[in-house]
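Bear in mind these aren't lab numbers, they're just calculated from the coordinates by the rules spelled out. All figures in this text were calculated on a predicted structure; none of them were measured in a lab. Cβ placement follows ideal geometry from the backbone for every residue including glycine, while neighbour counts extend to all protein chains displayed.
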Amino acid sequence: MIESDPSDVFFELHHDLPREGPGDDESTLRALALCTELPERPDVLDVGCGPGMQTLALAAATGGIITAVDAHEPFLDQLRERAEAAGVRDRLHVMRGDMTDLPFGPDSFDLIWSEGAAYIMGISEAFDAWRAFLRPGGYIVVSELVWLVDDVPAEVRDFFERGYPGVTDVAGNLQRIAATGYEIIDHFTLPAESWWTHYQSPLEARIPGLLDRYAGDEAALAVINETIEEHRIRREYPETYGYEFFIARCACPDGPEPGSSWEPGQGRVTPELGEDAADDAAEAGDEAEAADAGLEPADASSEREYPPSLG
Ligand SMILES: C[S@@+](CC[C@H](N)C(=O)[O-])C[C@H]1O[C@@H](n2cnc3c(N)ncnc32)[C@H](O)[C@@H]1O
């Protein structure tokens, strides 16, 4: 009996989706509008960008340079294609990298964004680690799975805690963020339909075909059944958990001194991590590749799995 690699089946299930987690452009733009003191063309880092629906929304809305990082190259290819089609490829640096070990220098970004991905390292750890790249007064915006009620049903709790032991409620997340020294600007819950429209419905549509294809393959069926279970739980208990956007600003108590170093266009990557590669690519005449090459970390090979149960 052939048993597939669960990770291959997971990525087959997830390839070419509009998004890799709940969300929609309206919510992305609502969160962005709460960052009221951004410069005119901010430098933005999108961590765990996936196929980049929110990356493109940020590029269009800010007019700034967006650096988009993800561990899974096929998602990045999808983003590159979409960016070409949207006419914003020249303002996008797309790089494979590990969110726990990002290669940027201090004062690199005005805004750090992460939809549905900060949980991979933990929201406290993410806010702590990413502060190093933020300019004074810069913003961090994340969306995060949260409990919306006190009495979360046991089967919901059990299901999500398998993939994400750190899940807590909105107040718990606000405490975590405040404890890292950021000022909380605002927060709001994603609308219920943004779970389905760009994420769960397209995922669900491909399940029957995959059930046929992998009939008898226990390892593959376990992955597919986990997704079926995720959808059942979502349909049954939508009011008990959700995705919350958190918008926070860096008071930077341990960060760089205000006005310390930044000039426009400077400092997006520490020089030893690839400026030569960028120059080479530029000489070869490919500006988009040059931009990406300049941001490729020294060790971009680490590809971590993120819990399939959370997409
Ligand atoms: C739930 S998806 C969210 C994707 C996207 N932000 C969205 O909302 O569509 C989480 C993303 O984090 C990426 N990821 C997982 N581990 C990572 C890591 N260690 N460093 C960078 N990205 C990672 C996954 O490849 C995936 O694209």
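Restricting to the range 101-134, name every residue that is hydroxyl-bearing (Ser, Thr, Tyr), more than 15 Å from the ligand (Cβ to nearest atom) and closer than 15 Å to residue 173 by Cα. Steps first, please.
Of the residues in the range 101-134, the ones hydroxyl-bearing (Ser, Thr, Tyr) are 108, 114, 119, 124.
From what's left, more than 15 Å from the ligand (Cβ to nearest atom): 108, 124.
Once the filter is applied, which keeps residues that are hydroxyl-bearing (Ser, Thr, Tyr), more than 15 Å from the ligand (Cβ to nearest atom) and closer than 15 Å to residue 173 by Cα, the range 101-134 yields only 124.
Any residue in the range 108-129 that's within 16 Å of residue 19 (Cβ to Cβ): show its pairings with residues that are away from the ligand (no atom under 14 Å from the Cβ) at Cβ separation under 7 Å, as long as the two are six or more apart or on different chains.
119/166
Can you work out which of the residues in the range 33-89 that are more than 23 Å from residue 139 (Cβ to Cβ) and among the acidic types (Asp, Glu) is nearest to the ligand (Cβ to nearest atom)?
73
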